[in-house]
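Have a look at the structure below, then the notes.
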Amino acid sequence: MSLKERVANILKNDLLEITESKGDVCVEISRQTLVNALKRLKEEGGFDFLSDLLGIDNSDLYAKPKKKKKKTEDGTEQEQEEKGPPPPRFEVVYLLLSLSTNERLQVRVRVPEDDLELPSVTSLWRSANWPERETFDMFGIRFNGHPNMRRLLMWDEFQDYPLRKDYPLEGKGEERHLNYNIA
Amino acid sequence: MADWQIELIKVVFIWAWALIIAVVMTWVERRASAMMQDRLGPNRAGPFGLLQPLADGIKLFTKEDIIPERARKILFVLGPPLFALPAFSAYAVIPFGDKIVIGGKEIILQVSDVNIGFLFILALSAIAVYGLVIGGWASNSKYSILGGLRATAQLISYEVPMGLALLTIVLLDGTFSLREIVLQQQGTFLGFLPNWGFFKQPLGFIIFLVAAYAEANRVPFDLPECESELVTGYHTEYGSMRLGLYLFGEYVNLVTLSAITVCLFFGGWSLPYVDMSKFLGPVSYGIASFFVFFFKQAFFLFLFVWVRWTVPRFRYDQLMGLGWKALIPLGLVNLFITALLVQLTT
Amino acid sequence: MKFQAIHGEGWLLTKAEQLINWGRSRSPWPFPYGTACCGIELMCALASGYDMARFGAERVAFTPRQCDVLIEAGTITKKMVPVLKRIYAQMAEPKWVIAVGACACSGGVFRTYSTAQGIGSIIPVDVYIPGCPPRPEGILYALLKLIDKIEADHPLYKQRSKVVEALEAAK
Amino acid sequence: MAKEIETVCITTGPTEVGDYVTLNIGPIHPAMHGTLRVITKTDGETIISAKPEIGYLHRGVEKLGENLTYSQFLPITDRLNYCSAICNNVAYEMAVEKLLGIEVPPKAQLIRMIMMELARIADHEVCVGILGVDLGALTPFFYLIIQREEIYEIFEWHHGARLTNSMGAIGGVEADLPDRFHEKWPRMRDSIRKANDDTDKLLTHNRIWMDRTVGVNAFCGDDALNWGFTGPMLRACGVKRDLRKNEPYLLYDKVDFDIPAGKHGDVFDRYMVRMLEMEQSVKIIDQAYAMYKELPEDAPLMKKVPKILRPPAGQIYHAIESPNGELGFFIRSDGSDKPYRIKIRPPCYMVYQAFDDLVKGEMISDLIACLSSLNVIAGELDR
């Protein structure tokens, strides 16, 4: 049984889409069933190790002009996206690993821009602690149930979310000031 | 020359000498550590970098003197001298040579032969602790206060085994005067060994040496100023010459401690098996005894450096454990056995 | 005669100045503010192969009160800027700063939202070393340049800058 | 301890209130290696909680990656884990090669292996040396550093840089092994072993060293996996997991080596795992070099790749075993010449987030020992 089939068997109805690129299998599941599905993947599928967790801002991808489509050989993904309505702006990818079979699986969840919330998976893997904070820091996606949802890399007073595509590379001129209350 | 003049010369000489050794020690430490680590060490100031301590001194003297705003100013100022001075004062009772006869006048090479010289040294080393504690506390910095706390606990704990080890020597020689102790260590023991405290009290020597390292705040016991944990511990907030006094006091301490070691356990100025006074003139004998003492002392000074660059550092609770669970019981047993032997043999 | 000494031509004060400069230049204790890659090269410069201790830069002090030269090696991010300012403010006069590496000089390759573009705009810098990272020889050369600068200093009287004099003359 | 002494230091974030002293360690502190910062609550010398605070070296590398082409990003990867830049280079190159679907010629693979293992040795040497320095033993650090200069020498011969190597290119390596490698390597093997022996003699059986390290911050394997530990940290906990064996890349499946593993996951085991891994790396280089010598002199070093890379759309994740553990690159391509999203999975990021768990209840000195045994490199931690 291949990895794809096994994952499909475990996820059953929760599975929205399954893709493969260069041998990396990526499954998409919905926000509502995220924790449950990941739990089943962990316990039944043997994906017991969370390598990493990351956010992606898709706004540029969908807003891209179509002229490049001809150049790419397998532009299947782009063609698909043209058919339906544009998907939500953000997505979060969970990189899972099975320690027994050494297989890797990517799980992605779409997060719409108007409701930037996801359930936290820190109860399943404690290693999700900082990556979730970083995703909040960089994209503004909040994780419900996270023990300490604060900014991780940028300073606390920082306003923006730097890894969003509409944030300029060189920033908006923010400076950090600290007021020492030396009385 | 009047007696007071001779005394004055001795005082000035011995203070200057202790100063010079301490200054040279800073250079030796740097160069010796460099030698052990495949480096060269400072070699730009003067020949072989010998003037390096002078350069450091000039720099420290001309640096801005900062007293942190929230520090206890008086205590902050008081800390460094309180640490450095007792170490100097202890040198007053150390016999750094036998005697020298100039113009028919016999001069004892010791500033003052106090009959309780021993207790004097212990008392002074207890005062030196206050220098660290006050400095650490007055700085109003958390690292400093931790360093000060560690210093208090460590120095007070290690005073006890040190005292116990020293008492065995007192028991054996029956005197508190350092000069008397040295005089009693001449000749041989069991027929072939030098009559040194080291051979009569090997366990006592080891306990004393460990306690001395702890007293001097050197690796492996440099917890009060633990570079990697407490930044620089009790003198984190000190700069300019106040820092210089702390650093310098540490080296003076080393000089004093190694001098005590030589006096108590290695026969002071006397050479084993050889009586120098028989074939040397009165003046040359005095000078020779002085140098014998110095070379023995230099060996222990080098040992301090050697150990420092070889071993890692203890943890706070391990340090306390070593002091209270190992050294003090050992010291007590050692003292008891010595007392028993002394009682039986006399 | 009295004022001659103070104005830099007197024998006594110039000799004293030379002595002070000699001491200061022979013992520049570094504060290794190594934040990134350059910190590793700074470590090499301090260790056996290159041995910065030869020039007296031996006692590596991590407390700003006890050091003379702030060797800022590595990127300074905007989050770090207040810390750097504070460390510099805590150092005792006279103090010098060496900026090691492209990041410390100008931000280097990291022209991004979170990186301060060089420390020159944050604290005064005496010697800049380019390179990403510079070799340990570069760091030693910078130290020698700094020593030259220290030796040309006038610690006993304030040298009034030509600009100020010109301004006063214009009044 | 008295009530909380008002903090002179800078503190941010929520703080627990209690009869404890807040001790701010870092970001500039001798044991924090640059930019790490831990805000601890201590009861005397015992640590109640230790909250790491990171981001003091956040340089926006991932954002930068989205604005540079695939080849331009290669030099940026040097600045991640600057102790072993080559591993980062190779990890990135291999991720892009996976995205492009090309395989590198065997000679290039062997050269990459040799250089990576040298980088691994260099990294472990720094880690062990610094661990010694932080525990008060300065001398081993100098022995290891002077040896490390020789490794740098080889790096310089090969690709011209000491620290930020930017070795290789996407599709292979640009240069053959240096001519004098066959003379240099046997001598260097001896010097590596000598430096290791000297360190071993000074530390391993030293009673004080054992007191300071054995049983300190012991961590169990299950917890370690849950926290996402990889590399020497995980192996010290007794889990024999090494990507070189478990998911072989390059030609690691053709060389014979062991995975050293500890039992208790304490500082001593971490130190021993690193020391033993250096031995294994020497073994791997020997075998890889023997394989390299069997190849013809004019064997290709580079796969032909276009000047401007435009990988097909898709997203991949590729990980290698860097000296600190699993170093992965997640790249999403949209078919253009710049990656759409690039995410680096740094190994010490996962380790450092468990810091509170690791040091709770230990003493301040153990915190220092623990931190240096984790080998947290700020460059890859904050990116």
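List of remarks:
Residue-wise test of (1) aliphatic (A, V, I, L, M); (2) within 14 Å of chain B (Cβ to nearest Cβ).
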site: D:LYS63; (1), (2): no, no
site: D:LEU68; (1), (2): yes, no
site: D:PRO105; (1), (2): no, no
site: D:ARG120; (1), (2): no, no
site: D:ILE145; (1), (2): yes, yes
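- Of everything listed in (1) closer than 30 Å to D:GLU362 by Cα; (2) open to solvent by less than 40 Å² (accessible area, probe 1.4 Å); (3) not aromatic (Phe, Trp, Tyr), the single unmet condition for B:LEU301 is (1).
- Residues satisfying the stated conditions in segment D:98-119, i.e. open to solvent by 10 Å² or more (accessible area, probe 1.4 Å) and outside any loop (DSSP other than H, G, I, E, B): D:LYS98, D:LEU100, D:PRO106, D:GLN109
- Among the criteria (1) more than 14 Å from every other protein chain (Cβ to nearest Cβ); (2) outside any loop (DSSP other than H, G, I, E, B); (3) within 21 Å of the chain's Cα centre (by Cα); (4) crowded, with 19+ Cβ neighbours inside 10 Å, the one D:GLY262 does not fulfil is (2).
- Flag for C:TYR141 being in contact with a Cys (Cβ under 7 Å, 6 or more places away or on another chain) and more than 30 Å from A:MET138 (Cα to Cα): no
A quick yes/no check of all residues on (1) surrounded by fewer than 22 Cβ atoms within 10 Å (Cβ to Cβ); (2) touching a residue at least 12 places away in the same chain (Cβ under 8 Å); (3) over 26 Å from D:ILE76 (Cβ atoms):
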{"residue": "C:GLY101", "(1), (2), (3)": "no, yes, no"}
{"residue": "C:VAL127", "(1), (2), (3)": "yes, yes, yes"}
{"residue": "C:LEU143", "(1), (2), (3)": "no, yes, yes"}
{"residue": "C:ASP153", "(1), (2), (3)": "yes, yes, yes"}
{"residue": "C:ALA169", "(1), (2), (3)": "yes, no, yes"}
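- Checklist (1) under 15 Å from the mean Cα position of the chain (by Cα); (2) hydroxyl-bearing (Ser, Thr, Tyr); (3) surrounded by fewer than 24 Cβ atoms within 10 Å (Cβ to Cβ) applied to B:SER228, failing item: (1)
- All positions within segment B:279-293 that are touching a residue at least 12 places away in the same chain (Cβ under 8 Å) and either open to solvent by less than 50 Å² (accessible area, probe 1.4 Å) or acidic (Asp, Glu) (or both): B:TYR285, B:GLY286, B:ALA288, B:SER289, B:PHE290, B:VAL292, B:PHE293
- Test: residue in segment D:131-140 that is of a type outside the set (D, E, K, R) and under 18 Å from the mean Cα position of the chain (by Cα): yes
- Of all residues making up segment D:332-347, the number that are open to solvent by less than 10 Å² (accessible area, probe 1.4 Å) and more than 7 Å from every other protein chain (Cβ to nearest Cβ): 6
- Index of the failed condition, D:MET350 passing every other in (1) more than 7 Å from chain A (Cβ to nearest Cβ); (2) within 21 Å of D:ALA95 (Cβ to Cβ); (3) hydrophobic (A, V, I, L, M, F, W, C): (1)
- Residues (among the basic types (Lys, Arg) and in contact with a helix residue (DSSP H, G or I) (Cβ under 9 Å, 6 or more places away or on another chain)) located in segment C:20-78: C:ARG24, C:ARG26, C:ARG54, C:ARG59, C:ARG65
- Selection status of B:GLN154, within 30 Å of D:THR22 (Cα to Cα) and buried (at least 24 other Cβ atoms within 10 Å of the Cβ): yes
- Restricting B:LEU245, B:LEU230 to those that are among the hydrophobic types (A, V, I, L, M, F, W, C) and in a loop (DSSP other than H, G, I, E, B) reduces the list to B:LEU230.
- Considering (1) at pLDDT below 85; (2) more than 14 Å from every other protein chain (Cβ to nearest Cβ), the lone condition that B:ALA339 does not fulfil carries the number (1).
- Applying the set (1) free of Cβ contacts under 8 Å to residues at least 24 places away in the same chain; (2) over 25 Å from the mean Cα position of the chain (by Cα); (3) buried (at least 19 other Cβ atoms within 10 Å of the Cβ) to B:GLY41 leaves exactly one unmet item: (2).
- Qualifying residue in segment D:243-257 (condition: farther than 20 Å from D:ILE368 by Cα, of a type outside the set (Phe, Trp, Tyr), touching a residue at least 24 places away in the same chain (Cβ under 8 Å) and touching a Phe, Trp or Tyr at 6+ places or on another chain (Cβ under 9 Å)): yes
- Taken over segment D:359-383, the criterion of being assigned to a helix (DSSP H, G or I), within 18 Å of D:TYR56 (Cβ to Cβ) and either more than 9 Å from every other protein chain (Cβ to nearest Cβ) or without any contact (Cβ under 8 Å) to a residue 12 or more places away in the chain (or both) is satisfied by D:LEU371, D:LEU374, D:GLU380, D:LEU381.
- The set of residues from segment C:49-66 being open to solvent by less than 10 Å² (accessible area, probe 1.4 Å) and within 9 Å of chain B (Cβ to nearest Cβ) comprises C:ASP51, C:ALA53, C:GLY56, C:ALA57, C:ALA61, C:THR63, C:GLN66.
- Counting only residues that are surrounded by fewer than 24 Cβ atoms within 10 Å (Cβ to Cβ) and assigned to a helix (DSSP H, G or I), segment B:92-103 holds 1 of them.
- Hits in segment C:67-80 (condition: under 25 Å from C:ARG135 (Cα atoms) and either within 14 Å of chain A (Cβ to nearest Cβ) or outside any strand (DSSP E or B) (or both)): C:CYS67, C:ASP68, C:GLY74, C:THR75, C:ILE76, C:THR77, C:MET80
- Scanning segment A:105-133 for residues that are under 20 Å from D:ARG332 (Cβ atoms) and β-branched (Val, Ile, Thr) returns A:VAL107, A:VAL109, A:VAL111.
- Breaking point among (1) on the phi < 0 side of the Ramachandran plot; (2) free of Cβ contacts under 8 Å to residues at least 40 places away in the same chain; (3) out of contact with any strand residue (DSSP E or B) (no Cβ under 7 Å at 6 or more places or on another chain), for C:SER114: (3)
- Check on B:ILE20, open to solvent by 50 Å² or more (accessible area, probe 1.4 Å), in a helix (DSSP H, G or I) and more than 10 Å from chain C (Cβ to nearest Cβ): yes
- Flag if B:SER89 is away from chain C (no Cβ under 14 Å), surrounded by fewer than 20 Cβ atoms within 10 Å (Cβ to Cβ) and closer than 30 Å to B:ASN140 by Cα: yes
- Qualifying residue in segment D:285-307 (condition: more than 14 Å from chain A (Cβ to nearest Cβ), open to solvent by less than 10 Å² (accessible area, probe 1.4 Å), part of a helix (DSSP H, G or I) and touching an Asp or Glu at 6+ places or on another chain (Cβ under 8 Å)): yes
- Counted residues, segment D:188-215 - those being open to solvent by less than 40 Å² (accessible area, probe 1.4 Å) and assigned to a loop (DSSP other than H, G, I, E, B): 2
The values are calculated or read from the model by the stated rules, or taken from the named source; none is laboratory data. What you see is a predicted model; the values in this text were computed from it and never measured. Counting neighbours? That spans all protein chains shown, and the Cβs are built from the backbone with ideal geometry, glycine included. These area figures cover heavy atoms from the full protein model, side chains too; ligands, DNA and RNA do not enter into them. Shrake-Rupley method; radii C 1.70, N 1.55, O 1.52, S 1.80 Å.
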